[in-house]
Every structure is written in C-alpha cells, then in structure tokens.
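To keep things clear, I will list the structure first and then write my remarks on it.
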Amino acid sequence: MSPKKKNTRKPRGRRPDPAAPTTPATDPARPAARTPVVLEEPRRWPVAVWSLLTIAWLGGSALFFLLYLAEGFAMLNAEEVTDAARRTTAWYLVWLLVFALLVPLGGAAAAAALRRKVAAVMFTLALLLSGAVLFSLASPADMAAAIGGALG
C-alpha cells in the first residue's frame, strides 16, 4: 500500500486589511470579562393555588352534595320536618353552591388576572360544568327560594 499523501496546499486565510491595526483588540493574557446571567426559576406558587382550588372544587362540591342528599333523605323519612333540619339542609345547599360555583369563578378570575390563559379556560369550563349539573337538578330560582324559605 502506498503511504498517505500529505496535503501540500495550505488553506488561504483572509487577506490582511492594510487599514486594520496590527495589534489584537484584547490582551491575550487577560480573558474577556463575563458576567453570569441569573436565570429565574419558574414561579411554582400558581400551580399550588390551582391545585388547591381544584381540590376544593371537587372535594367540597362532592362533600356538600352528599350531605345535602343525606339530609334531604332524612327529612323525607321523618314524621315531622323541623326548622333545624330545614336550616341545616339550606346551609348544605349554600355551601354546595359556594364550592360548585364560586370556587371555579374565583379560580377563573385569578387566572385571568395573572394572565394564565390555560388555567382561566379550565376554571371557566369547571364553572360551566358545575352550573350545568346543578341547574339541571333545580333552577336557580328554586334554589334561592329553598334557601330563603329555610333561612328567612
């Protein structure tokens, strides 16, 4: 086998500019000053707030819906319905409305104020879902009349 031939052509560099200074722009012994860039960590507290609001929405709605149903069935089976039972049922309904409607509304408003579009859309969808489920069971006027009649 023949030995590998050396490349005898040298690459041509840039032609020196006669007007350019012959000394380098920076001192080669001293490196260029570098300032470190501090990268901000992403804020994690909005995720915690959205998680807590979601847990409050789901957990509170389910809890007070079950309590409302249990108290309603207890009133159906009772011989005489007392004012205390009516007040208790009305308060369960109030808390159900708070957790089912006001928590997603507050989450959507907070997300919109913080310019978190995805969270705002999700909480708006949660509000619409809760409203559709609640108001398919009874109209808002019926719920207001039930609360007003028991607490008023």
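Bear in mind these aren't lab numbers, they're just calculated from the coordinates by the rules spelled out. Not measured: the values here are computed from a predicted model. Here Cβ is always computed from backbone atoms with ideal geometry, including for glycine, and neighbour counts include all displayed protein chains.
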Kindly express, to the nearest 10 degrees and within the range 0 to 90, the angle between helix 140-151's C-alpha long axis and the longest C-alpha principal axis of the chain. 60 degrees
Along the charge dipole of the range 26-142, which of ALA109, LEU76, ALA56 sits closest to the positive end, that is, farthest toward it, with unit charges on the beta carbon of Lys, Arg, Asp and Glu (+1, +1, -1, -1)? ALA109
As I understand it, the value is the acute angle between the Cα axis of helix 45-77 and the longest principal axis of the Cα atoms of the chain; what does it come to in degrees, rounded to 10? 20 degrees
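State the three equivalent ellipsoid semi-axes of the range 21-152, derived from the C-alpha gyration tensor as the square roots of 5 times its eigenvalues, in descending order and whole Å.
Listed largest to smallest, the semi-axes of the range 21-152 are 59, 14, 10 Å.
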Taking Cα centroids, how far is the range 83-107 from the range 52-75 in Å? 9 Å
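Packing-wise, with mean Cβ within 10 Å as the measure, how do 134-141, 98-105 rank, highest first? Working shown, then result.
Numbers: 134-141: 11.6, 98-105: 19.6.
Highest mean packing first, the order is 98-105, 134-141.
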If every Lys and Arg gets +1 and every Asp and Glu gets -1 at its Cβ, then about the Cα centre the chain yields a dipole, in debye to the nearest 20, of 2820 debye
The helix 117-137 Cα axis meets the longest alpha-carbon principal axis of the chain at an angle in degrees, between 0 and 90 and rounded to 10, of 20 degrees
Can you give me the distance in nm between label points at MET75 and ASN7, each placed 7 Å from the Cα along the Cα-to-Cβ direction? 9.2 nm
Restricting to DSSP H runs of at least four residues, report the calculated mean residue ellipticity at 222 nm for the chain, -39500 (n - 2.57) per run over all residues, nearest 500 deg cm²/dmol. -20500 deg cm²/dmol
Could you work out how far apart the two model spin labels at ALA33 and ARG86 are, taking each label as a point 7 Å from the Cα in the direction of the beta carbon, and quote it in nm? 8.1 nm
How much length, in nm to one decimal, is gained on full extension between LEU58 and VAL98, taken as 0.36 nm per residue of separation minus their Cα-Cα distance? 13.2 nm
Total charge dipole magnitude, the range 32-90, about the Cα centre, Cβ charges on Lys, Arg, Asp, Glu only, Debye to nearest 20: 500 debye
Given charges at Cβ of Lys, Arg, Asp, Glu: the chain dipole, positive-most of LEU66, PHE99, THR8: THR8
Theoretical FRET efficiency, 1/(1+(r/R0)^6), r = Cβ-Cβ of SER51 and VAL133, R0 30 Å, to 0.05: 0.85
